[in-house]
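Notes for the one structure printed next.
We did not get these values from a lab; they are worked out from the coordinates using the rules stated. The structure displayed is predicted, hence computed values, not measured ones. Heads up, the Cβs are rebuilt from the backbone with ideal geometry, glycines too, and the neighbour counts pull from every protein chain shown.
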Amino acid sequence: MGRTLAEKILRAHVAEGEFKQGNEVGIRIDQTLTQDATGTMACLQFEAMRVPRVKTELSVSYVDHNTLQTGFENADDHVYLQSVASKHGILFSRPGNGICHQVHLERFAVPGKTLLGSDSHTPTAGGMGSIAIGAGGLDVAVAMAGGLFYLKVPKIVGVKLSGKLPAWVSAKDVVLELLRRVGVKGGVGKIFEYFGEGVKTLSVPERATVTNMGAETGATNSIFPSDENTKDFLKREGREKDWVELNADVDAQYDEVVEIDLSSLEPLVAQPHSPGSVVALKQLAGKKVDQVLVGSCTNSSFKDLMIVAKILKGRKVHARVSFGVAPGSRQVLEELARNGALADLVNAGARIFESACGPCIGMGQAPTTDAVSLRTFNRNFEGRSGTKSAQVFLVSPEVAAVAALKGEISDPRELGEFPEVKLPTHFILDDSMILPPAKEGVEVEVVRGPNIKAIPDFPEQADEVKGRVLIKVGDDVTTDHIMPAGAKILPLRSNLPAISEHVFTQVDASFAKRAKEQGGGFVVGGENYGQGSSREHAALAPKFLGVKGIIAKSFARIHKANLVNFGILPLVFADKKDYESIAQGDELEITGVRNAISSRSPSLAIFNKTKNNSFKVVLELGSREAEMLLAGGLFNCLKNKK
């Protein structure tokens, strides 16, 4: 039986364990990326490991999230990151050089390589034929230090593409169609691998849009083959030497197959407040729009912005609409500036933002109260925009541009002939804002501003765990709910005591105060707890506040790994009906925890002292995870082995 492409690459990188579905394996990581929102903590963790230089083939530190410098904190963190990169052999992409995923695709992603990133949208590089996986910062720091990355061998779902996208329908609609079918947890424990004749009709940037937003399904990653289109893109980037042809075997067997006829697709929209709430655009036609934003790591490529510029050329943005554009990289911005498209955007009334994540991460451009905001982004969680009452819709660049003109959601197919975009024969190549590290052996002083706080020590796992239910939440609680982003909170990512004050503020502003007063306790959640961003602060900050366990119906992959990394018990209801019997404030007790972890007994009884009853939970752990939990987290585990 033939092998899938994902299986081929993973098997070639397995260094520990048997490659069998459901088994945990340790894989070698070729490349890593970090960004400033998660990278500060990752660098603090890497420093604490006392490894002189990174041991990967390539590690890049990007500054793209916290670029709004309203105080000293972000600027201090940038200097810290630059000095750490220089000292430890890491390339440093300066603020303004672009969004990590767009820049990495342009300048560093290589077919067949493994990439681990401290950002959930790291799978963007799957559009290049890489196995690119998002993870918590501590996992990335371990990989930088030469350690393996562990994961359960996922199912591989083949997504068979046929046909060709019609005019005015884009790659964004492909991934929205997938989300419409599988939802925001339909990809958990899976890799989506694209194959079929339709693949040939999509360029690398279009493929990257699909693999980027595939993260919203909960998938481990998504991947396209490396073919002539990949070679063409790399040639335009001056990196043809990095190309290698990679495909699944013709007789490859997938665990599941999803078929999408590209020619049958129509413009789609994800409604508030979930990327999985997808409907046909025609159902929303005529809805008034207050804000339109184009950009993010999903849709900020040269082609995306050129289409928008061509649609807007000679026209004016509707008077009611606040319209903004954020190019994904400095390369894209310079191309637009040189070919006149930037002038067309400005003339139409666009506000041009720097090449960074910006409003996608809540860093500026919050909409007005109760606004309808159309965005080409990948997430529309409640409050993520900076305005809790705003209604955020996710759309393609084509839909966004037409809505900006008309002031309402409109079918772009009504605009007439679709504008053609020709890619430059060679993109502008200028890596001067990617700084090389100091030569090995050269002394470099790491600069630490007052916002940089040391990682605290956490105790090993107790055998008896007691505490009250500090909060009870529902299904699909995101890491944005647990640890919000935005201009107020993101600058505190390197300051654990300060950022911990903001845990669950989107849901209950009194949570941190209550957690400290009660000496910590438990969080109760529903299905898919911790979906969304890879931010490990959503585990680390609750740990700092004394959270001992999360009891949920199910967990998102990255967040569960982060909980284990920081010694928080990830407990799953054995009977989901027991969720209904628990209330905030209930006092819970668990005994024999260490023995259950050591024996890897999956079942534990929790006594609800308030209700005078017990219920069962399951603690699903591999031997490595059990060792980490007993030690009080991965960091303690690593120290114990020295």
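DSSP beta bridges fully contained in the chain are about 35 percent antiparallel. Cα-based values for the stretch 138-247, radius of gyration first and Dmax second, are 15.5, 47 Å. Counted by neighbouring Cβ atoms within 10 Å, the residues THR369, THR479 run from fewest to most as THR369, THR479.
Residues LEU634, LEU44, LEU33, ranked from the fewest to the most other C-beta atoms within 10 Å, line up as LEU44, LEU634, LEU33.
Only Lys, Arg, Asp and Glu carry charge here, each on its Cβ (+1 for the first two, -1 for the last two); on that basis the chain has a dipole of about 720 debye about its Cα centre. Using C-alpha pairs under 8 Å with a sequence gap of at least 6, the mean separation divided by the residue count of the stretch 479-565 gives a relative contact order of 32 percent. Label sites at VAL244 and LYS641, each approximated as a point 7 angstrom past Cα along Cα to Cβ, lie 2.7 nm apart. Only one of (1) 24.7; (2) 28.2; (3) 26.5 was calculated from the structure for Kirkwood radius over Cα pairs in Å, and its label is (1). Each Cα pair under 8 Å and six or more residues apart adds its sequence gap; the mean of these over the residue count of the stretch 548-642 is a relative contact order of 31 percent. Distance between the C-alpha centres of the stretch 610-626 and the stretch 400-427: 52 Å, rounded to the whole angstrom.
Principal axis extents of the C-alpha atoms in the stretch 338-396 (largest first, rounded to whole Å): 38, 20, 20.
Most simply put, the stretch 5-264 has about 20% antiparallel DSSP beta bridges, counting only bridges with both residues inside it. Per the Debye calculation on the stretch 1-111 with a single equal scatterer at every Cα and no solvent contribution, log₁₀ I(q)/I(0) for q = 0.13 Å⁻¹ amounts to -0.60.
The stretch 288-361 and the stretch 73-143 have Cα centres spaced 24 Å apart.
Restricting to DSSP loop positions (anything but H, G, I, E, B) with no more than 14 other Cβ atoms inside 10 Å of their own Cβ, which trypsin sites (Lys or Arg not before Pro) remain in the stretch 454-518? Of the trypsin sites (Lys or Arg not before Pro), the ones in loops of the stretch 454-518 whose Cβ has at most 14 other Cβ atoms within 10 Å are LYS488. Using a cutoff of 8 angstrom between alpha carbon atoms and counting only pairs six or more residues apart, the relative contact order for the chain works out to 14 percent. Sorting TYR62, TYR80 from the fewest to the most surrounding beta carbons within 10 angstrom yields TYR80, TYR62.
Do the alpha carbons of any pairs in LYS466/LYS516; LYS87/LYS543; LYS616/LYS639; LYS87/LYS235; LYS20/LYS639 sit beyond 21 Å of each other, and which pairs?
Distance filter (> 21 Å) returns LYS87/LYS543; LYS616/LYS639; LYS87/LYS235; LYS20/LYS639.
Measure off 7 Å from each Cα along the Cα-to-Cβ vector at ASN339 and ARG315, then give the distance between these two points in nanometres to one decimal. About 1.9 nm, to one decimal.
Computed from the C-beta positions of PHE607 and GLU443 and an R0 of 41 Å, the FRET efficiency is 0.10 to the nearest 0.05.
If you wrap the stretch 5-264 in the convex hull of its Cα atoms and look at it from every side, the mean projected area works out to 14.1 nm².
Exposed loop sites are taken as GluC sites (Glu not before Pro) in a DSSP loop (any state but H, G, I, E or B) with at most 15 other beta carbon atoms within 10 Å; the longest stretch of the chain without one runs 58-244. Annotation for the stretch 3-71: trypsin sites (Lys or Arg not before Pro) lying in DSSP loop with at most 12 further Cβ atoms inside 10 Å of their Cβ are LYS20, ARG50. If you bin all the Cα-Cα distances of the stretch 268-413 at 5 Å, starting from zero, the percentages per bin are 2, 12, 22, 25, 22, 12, 5, 1.
Amide H contacts of VAL547: GLY521, each under 5 Å away and 5 or more positions distant or on a separate chain (H built 1.01 Å from N in the peptide plane; Pro and chain starts excluded).
Note that the stretch 347-459, at 37 °C in a medium of 0.692 mPa s, gets a Stokes-Einstein diffusion coefficient of 173 µm²/s from its Kirkwood radius over C-alpha pairs. Taking amide H atoms as placed 1.01 Å from N in the peptide plane, the amide H of GLY567 lies under 5 Å from those of GLY633, LEU634, each 5 or more residues away in sequence or on another chain. Applying a DSSP loop filter and a limit of 16 other Cβ atoms within 10 Å to the trypsin sites (Lys or Arg not before Pro) in the stretch 592-623 leaves ARG600, LYS609, LYS611.
Geometric descriptor of the stretch 1-63, per residue, is 132 Å³ (volume of the convex hull of the Cα atoms). Across the stretch 259-350, the convex hull enclosing all Cα atoms gives 136 Å³ per residue. Here is the link list: LYS200/LYS241; LYS287/LYS310; LYS8/LYS576; LYS113/LYS560; LYS190/LYS577. Which ones come out longer than 30 Å on Cα distance? As for pairs spanning more than 30 Å Cα to Cα, those are LYS8/LYS576.
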